[in-house]
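S.K.: This structure is in structure tokens; I'll ask about it shortly.
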């Protein structure tokens, strides 16, 4: 949803998206942060990324286990025939 903000005649009308505006606002805030806050934010993001990687790895391992189990069942059924 775009909205047009009316401005003076010399200026161009500003068309902005809600998502684009939020992203720009977040980027402006991030560039104005102190080093201490940046380090904390970087540490938190790194921790979240590491956690996501571990969860993904565990999910893939469970998927491999399930595939191996299905394969074993299939082979067992084939031997019974």
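The values are calculated or read from the model by the stated rules, or taken from the named source; none is laboratory data. Remember, predicted model here, so these are calculated numbers, not experimental data. With ideal geometry, Cβ positions are generated from the backbone for all residues, glycine too; neighbour counts draw on all protein chains shown.
S.K.: Test each condition in (1) surrounded by 11 or more Cβ atoms within 10 Å (Cβ to Cβ); (2) at pLDDT 65 or above for residue 32 and report the one that comes out false.
M.R.: Only one criterion in (1) surrounded by 11 or more Cβ atoms within 10 Å (Cβ to Cβ); (2) at pLDDT 65 or above is unmet by residue 32, namely (1).
S.K.: Is there any pair with a first residue in region 57-81 that is modelled with pLDDT of 95 or more and a second that is surrounded by 10 or more Cβ atoms within 10 Å (Cβ to Cβ) whose Cβ atoms are under 9 Å apart and which are 6 or more apart or on different chains, and what are they?
M.R.: none
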